[in-house]
Amino acid sequence: MYQKFPYILRISEKAKHVRFQVSVEKGLEIVVPKRFRASRLPSLVEKNSRWIERAFQKAKTFQGQIGPVQDWQVPEEITLLALGTTWRVLSRENARKSVVVQMASANTLSLHGGTNDSSACQNALKAWLTHTAKEHLIPWLKRVSDETRLGYSSVSIRQQRTRWGSCTSRHLISLNARLLFLPPDLVTYVLVHELCHTRHLNHSPRFWRLVESYLPDYRQLDQQLRNGDQYMPGWLMASCDGKTPTCGTHSG
C-alpha cells in the first residue's frame, strides 16, 4: 500500500502535525514537523489510505471540470444552497482599478471596476461572500446556540481552505464563509459540532454523545460533510494565476 501513493515530502518548521495534501498539480504531498521520524511514514500512509484515495478521485473529477489550467472567468450565476438563493452575475468595466460587488437587484450582483483583472474580480467576490456569511451565519449560530443552550464568547467569519469551523478553549468560534455553499442541514451540523466543542474540546465519546443528543443523524451528516468540496463552485476554487488548487488536506 505504501508504494501505491508516490509522494512529495516537505519538512516544515511551523508544522505541529503530519498533514496530507492532494492536488492535481503535485499529487500527494506530505508535510511533516522538523523532527518527525521518516520511519513512521509507511504506517501513516496505510492508516490514511482511504482518505488519500478519495482525495485523488476528487482531484481527477475537479480536473475534468475545470481542466488542468483554466483562465478564471466571472461566473454567470452564484447559488448559495444554505440560503436557497441564486444570483445572476453581471460584469461592468469602468476606469477604476479596483472591483466592487453591488446588489443590482434582489437576485442580481454587479461587478464594477477593472473587471479585466481576474484576480481582482475573484477577490471582490470572495469579499462579498465573507460579508454575506457574516450577515447570515452569525445570527444562525446565535439561534442554534439558544436552541441547544450551548454558549460561546465570540464568532468570526473567515475563508479557510481546510476547515469548516473551529472552536478554541476560550469558546471563540470561527466559521468558514464557504459554508453558505452547503445544504442547510450540513451548515446546522457544523454549528452544532462547534458549539459542542465549548463543552468538550476534543472528539471523545462524550463529545459525540453530546452531538447526537441534538442531531441523532449526525453520522450521516458527518459523512456528507466529508464530501463537501463537491458543492464548491469552480470560480471559487480555480486559480487566477494558472496554478491548480489543492483538492484535499488532511491531518494524519
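Derivation of every value follows stated rules applied to the coordinates shown; laboratory data play no part. Note that the coordinates shown come from a computational prediction; the quantities given were computed from them, not determined experimentally. Don't worry about glycine lacking a Cβ; one is built from the backbone with ideal geometry, like all the others, and counts go over all protein chains shown.
A few comments on the model shown:
- Here the label points at residue 57 and residue 102, each 7 Å from Cα along the C-beta direction, are separated by 4.6 nm in the simple model.
- Per-residue 3J(HN,Hα) values for segment 119-135, derived from phi via the Karplus relation 6.51 cos²θ - 1.76 cosθ + 1.60 with θ = phi - 60°, read 5, 5, 5, 5, 5, 5, 5, 5, 5, 4, 4, 4, 4, 5, 5, 4, 5 Hz in sequence order (x marks Gly and Pro).
- For segment 77-232, a crude dipole built from +1 on the beta carbon of Lys and Arg and -1 on the beta carbon of Asp and Glu, taken about the Cα centre, is about 440 debye to the nearest 20.
- Cut-off 10 Å between beta-carbons: net charge of the residues surrounding residue 236, Lys and Arg +1, Asp and Glu -1: +2
- Simple label model, 7 Å out from Cα along Cβ direction - residue 227 to residue 88, nm: 3.3
- Placing a pseudo-label 7 Å from each Cα along the Cα-to-Cβ vector at residue 166 and residue 35 gives an inter-label distance of 2.3 nm.
- Relative contact order %, segment 77-232, counting alpha carbon pairs below 8 Å whose residues are six or more apart: 18
- Overall form of segment 102-252 per C-alpha gyration tensor (a/c, 1.5; a/b vs b/c): prolate
- Computed lengthening from residue 16 to residue 49, 0.36 nm per intervening residue step minus Cα-Cα distance: 9.8 nm
- Over 31 Å (Cα to Cα) - which of 34/126; 58/126; 16/58; 34/58; 34/142; 58/134 fall in this group: 34/126; 34/142
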